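Quick notes on the structure that follows.
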Amino acid sequence: MSQGCRWPAVLTIAGSDSGGGAGIQADLKTFAAHGCYGTSAITALTAQNTIGVQDVFPTPSEFLGKQITSILSDIDIKAIKTGMLFDAANTRAAIAALEDHYSNSDSNASNDSKSNVAIPTPTLPPLVCDPVCVSTSGHTLLDPDAISVIVEELFPLAVLVTPNKAEAELILNLSSSPQRQSRRDAPTLPRRIETLNDMLLAAQDLLSLGSKAVLLKGGHLVVLSEDVHRISEKHPSLLIVRDGILPDGGNMEILQANTNSAGVQLVVDVLCQTVENDDSDDSRQKPGPRMTLFCRPRIDSTNTHGTGCTLSSAVAAGLALGADVSTAVRRAVRYTYLGIIAADPTIGHGHGPLNHFHSMGELVVPRPTPTTPYPLTTLLIHRAGDAWKAYVEHEFVRLLGRGTLPRENFVHFIRQDYLYLKYYARAYALLSAKSTTFPSISRATQTVLNVLQEINTHKAFCASFGISEDELEQTPESAATAAYGGYLVDVGMRGDTTLLLIALLACLLGYGEVGLWLKKNVKKNKSGDTGERGWVIMDETDNPYVQWIEDYAGERYQAAVKAGLELIETRAASDPPSRARFEEWFAVWKRCTELEKGFWDMAMGLS
């Protein structure tokens, strides 16, 4: 066997696509994109392009077996993927070649004739079976005998099988599943998969056919976000993985308020795995399946040719690189999803191929999508989750919402906020000075004018708490105010206008987030409900701070939030950051969220 190979070798046993979008061509490109060395055994040649398949020429089964044996006898294969096997003879030939070379028991050993030392027979590496048996148009590609061989002889060798909806229906209708027959909720034949709940049941039935895991692909099933929500409530143990969709919670009310995700169609894949209950002391408890839903927005694209081949090959590559099944599937789903987004629509006149090499050009900030229009901000908030939560769910905010914040703490806060606004206006003045176009100069200048207008509102608000303008001006600046304001000016002096926008964004978005959450919870309290996350919010008629909440939840401030979001996202999209530059952005964002928390710490401590 070869020694010292830096790239783990992966074997694909599948058909050839002369158009290059599917089959071994897609597999080999996917292996290479993941840093793996691809090898192939071809089951059939096809004359096809993006429009369709014009002819098929099968590989003789004996020759297919020789291809596999030739590869395995020389190259240390770390994972195997099977695709279109063509017929029962080729399927049996592939299985026989694998079984001849591998053994699942180290007890079968050969002796080295020179040293008389027992050498264990190699164990079958992770095998991913993509049971290609139904075309996109719904035509059966394999005869029932071949499908039976795949299910009865290949599935038990596989760590994962990856059928789509039509393939799962065909397999289940041709197979006898004892698990399905014993379940009272199992439908009678013919089996159809029409809902997300049907997918969960079908995945469990497919798992009973012998593989260690099943990934039931949902590309041909329309699912809405409400469907995912309902199924997760019905099955609390489900793990939901969202890609390109705003996560539930996470203090992202400002992003959700500016995102129209209602009625967005999703693609949901279901991973069902056999899990041993090693931690259970109850001997009566049987091992049960673990279910994971991989959800992402449906993409309106014709560049979907070879999606199944690509996904299964990406899983095999992940396994060859040492990932477990769940991690390999999660990464493969995302890789395939991005491959569709990044595809070149000019290739061919029909269903074109994915972009298998999209990952070679690093994209630190994802591209905007209809369901995630603010990917940079989403990434910043999510990555600095603990700091962001400590800021927007601060005890000061909780007491403010309850209406129980001591008056002296709030007065101390609004005095210091008045002084902070001077720094804030100066920072935007720096942004205006450093801007190079009239629109950008205008935007920054208008913000300064808005702050000056807000100062008058701030003075009037302070007066309602008995604080005169002279008292505001005579207020000693706290250490927290000086630290935060000084940091803003320091960032502004560095010369990078985008970096300054990131620094200013933490204040803009944080107060918008707090305003929306408090307003939302006040409304819930009026209907008799408790606030979210256990917040008990006082009715607005009894809350002395309701005007503050209204100001930051109001249309005027939220319009400024939306403008800020669109500005920073436009910057990131027009000039995508390198990894090093993004890390600089993130460091400033996190520091500003920490300084914002420190500002409220100051108000609570009256320091």
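Numbers for the structure displayed
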| item | result |
| --- | --- |
| Share antiparallel - DSSP beta bridges, the chain, percent rounded to 5 | 50 percent |
| Alpha carbon Rg of the stretch 302-428, scaled by the compact-globule rule 2.2 N^0.38 Å | 1.71 |
| Listed residues 34, 427, 61: farthest to the positive end of the dipole of the chain (Cβ charges) | 427 |
| Cα-based helix-to-principal-axis angle, 88-101 vs the chain, degrees rounded to 10 | 80 degrees |
| Tilt relative to the chain, helix 438-463 - C-alpha long axis, 0 to 90 degrees, to 10 | 50 degrees |
| Charge tally in the Cβ shell below 11 Å around residue 37, where Lys, Arg are +1 and Asp, Glu are -1, residue 37 excluded | +1 |
| Pairs from 29/81; 422/590; 520/562; 434/597; 519/562; 459/519 whose Cα-Cα separation, in the structure shown, is over 25 Å | 434/597 |
| DSSP beta bridges in the stretch 1-94 [antiparallel fraction, %, rounded to 5] | 30 percent |
| Dipole-positive endmost among 127, 455, 332 within the chain (Cβ charges, Cα centre) | 455 |
| Centre separation in Å (Cα based) which lies between the stretch 539-605 and the stretch 285-354 | 35 Å |
| Centre separation in Å (Cα based) which lies between the stretch 397-459 and the stretch 355-393 | 27 Å |
| The chain: angle of helix 23-33 to the longest principal axis, Cα-based, in degrees nearest 10 | 50 degrees |
| Local net charge near residue 467, Cβ-Cβ under 10 Å (Lys/Arg +1, Asp/Glu -1) | -1 |
| The chain - charge dipole about Cα centre, Lys and Arg +1 at Cβ, Asp and Glu -1, debye rounded to 20 | 480 debye |
| Of all accessible heavy-atom area on the chain, the percent that carbon and sulfur account for (1.4 Å) | 53 percent |
| Among 313, 437, 256 - extreme Cα towards positive end, dipole of the chain, charges at beta-carbon | 437 |
| Sorted largest first, extent of the chain alpha carbons per principal axis (Å) | 95, 57, 56 |
| Efficiency of FRET between residue 96 and residue 229 - r from beta-carbon atoms, R0 41 angstrom, step 0.05 | 0.30 |
| Relative contact order (percent, whole number), the chain, Cα cutoff 8 Å, 6+ residue spacing | 12 percent |
| Prolate/oblate/rounded label for the stretch 385-464 (Cα gyration tensor, a/c 1.5) | oblate |
| Cβ-placed point charges (K, R +1; D, E -1), dipole of the stretch 545-607 about Cα centre in debye, nearest 20 | 200 debye |
| Solvent-accessible area per residue for the chain (1.4 angstrom probe, square angstrom) | 46 Å² |
| Förster-model FRET efficiency, 25 Å R0, residue 547 and residue 606, C-beta, rounded to 0.05 | 0.65 |
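The values are calculated or read from the model by the stated rules, or taken from the named source; none is laboratory data. It should be emphasised that the depicted structure is a prediction, and the values quoted were computed from it without experimental measurement. Positions of Cβ are generated from backbone atoms using ideal geometry, with glycine treated the same way; all protein chains shown enter the neighbour counts. Quick note on the areas: whole protein, heavy atoms, side chains included, nothing else; ligands and nucleic acids left out. Shrake-Rupley method; radii C 1.70, N 1.55, O 1.52, S 1.80 Å.
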